[in-house]
């Protein structure tokens with residue numbers, strides 16, 4: 001869980017990574033973990049990390065917190081392709 005949180009804390013404001021992107025970084029370091037592991041770690045951590053900077057591969061934020069995530073990303077200047085979908089080509093940070 002700490003490895004996931006460390007990666008998420010390094011995502012710059014206005015940028016995002018997908019759950020899969022974070023999982024790739026964690027797997028390189030630990031040899032295990034996947035996108036669901038990332039989601040579980042963020043769920044447990046709550047507001048301790050910028051969870052809104054991790055989105056699905058489609059660019060959509062977590063389903064149960066879409067409004068909050070979109071609001072926080074807009075404040076940070078994150079580019080969107082639709083009202084709720086992050087423009088991954090412009091906002092995504094490479095793993």
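Every number in this text was worked out from the coordinates using simple rules, so none of it is lab data. The structure displayed is predicted, hence computed values, not measured ones. As a convention, Cβ positions derive from the backbone with ideal geometry for all residues, glycine included, and neighbour counts pool all protein chains shown.
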Exercise for review: Give me 5, 73, 30 ranked fewest to most by other Cβ atoms within 10 Å of their Cβ, as a rough exposure proxy.
Suggested key: 30, 5, 73
Check your understanding: If each residue's Cβ is checked for other Cβ atoms within 10 Å, how do 1, 17 rank with the fewest at the top?
Key -> 1, 17
Revision key, fill the gap. Tilt, helix 35-45 to longest principal axis of the chain (alpha-carbon atoms), in degrees rounded to tens, equals 80
Study note, to complete from the structure: dims of segment 2-91, Cα set, principal axes, largest to smallest, nearest Å -> 36, 25, 21
**Study point:** Overall dimensions of segment 38-95 as given by Cα atoms, namely Rg and Dmax in Å
**Key:** 10.9, 29
Exercise for review: Any chance you could give the angle, 0 to 90 degrees and rounded to 10, that helix 19-30 forms with the longest Cα principal axis of the chain?
Suggested key: 20
